[in-house]
Amino acid sequence: KSLKSSCLFWTVQKEQEAIMRTKEECEDKALSWADTKKMPITTRVIQETLRVASILSFTFREAVEDVEFEGYLIPKGWKVMPLFRNIHHSPDNFPDPEKFNPSRFEVNISRNDWLLQQMVNSVTVTFY
């Protein structure tokens, strides 16, 4: 297990070093935000880290119009509370959710499409 982790972090390091080598003749050799688009492995490791150890437990979303969800009416103005731990650790959303597996993010879908899909799959309605 630790060998696999070591290989993963070595790969991330090599990916970043390769980008830094292309900047050797530049004045600013530090990695920039724009460079992250050239780091698919690093990006997947970050995404998986945030999935496993979410920094937010939940958030509130307010219905801007009446919405019907699985036979329930969520009236305009009511709040919906997605619980990220439930979303990120559900085998319905992530096969083998307790395993650290950055390759699960190899499929590129837009962030908004993914977030919407996760919210729809595990909505918790709270009443205020």
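A few remarks follow.
- Residue check for S103: at pLDDT 85 or above, among the polar types (S, T, N, Q) and under 26 Å from E48 (Cβ atoms): yes
- Taken over the stretch 65-74, the residue count meeting the criterion of being surrounded by 10 or more Cβ atoms within 10 Å (Cβ to Cβ) and either touching a residue at least 40 places away in the same chain (Cβ under 8 Å) or not in a loop (DSSP other than H, G, I, E, B) (or both) is 4.
- Looking at D92, D113, D96, just one residue is at pLDDT below 90, out of contact with any strand residue (DSSP E or B) (no Cβ under 7 Å at 6 or more places or on another chain), among the acidic types (D, E) and loosely packed, with under 14 Cβ neighbours inside 10 Å, and that residue is D113.
- F84 fulfils the conditions (1) closer than 27 Å to V12 by Cβ; (2) at pLDDT 90 or above except for a single criterion, (2).
- The listed residues are E106, E62, and the only one of them that is open to solvent by 60 Å² or more (accessible area, probe 1.4 Å) and in contact (Cβ under 8 Å) with a residue 60 or more places away in the chain turns out to be E106.
- The test for being in a helix (DSSP H, G or I), closer than 29 Å to C7 by Cβ and touching a helix residue (DSSP H, G or I) at 6+ places or on another chain (Cβ under 8 Å) holds for R51.
- On inspection, K37 qualifies as open to solvent by 50 Å² or more (accessible area, probe 1.4 Å), of a type in the set (K, R) and at negative phi.
- Test for I46: is it over 24 Å from S5 (Cβ atoms), free of Cβ contacts under 8 Å to residues at least 40 places away in the same chain and in a helix (DSSP H, G or I): no
- If only residues of the stretch 22-52 that are touching a Lys or Arg at 6+ places or on another chain (Cβ under 9 Å) and among the acidic types (D, E) are counted, the one that is modelled with the lowest pLDDT is D35.
The values are calculated or read from the model by the stated rules, or taken from the named source; none is laboratory data. Because the structure is predicted, anything quoted here is derived from the model rather than measured. Glycine gets a Cβ as well: all are built from the backbone with ideal geometry, and neighbour counts include every protein chain shown. What goes into the accessible areas is simple: the full protein's heavy atoms, side chains included, and nothing from ligands, DNA or RNA. Shrake-Rupley method; radii C 1.70, N 1.55, O 1.52, S 1.80 Å.
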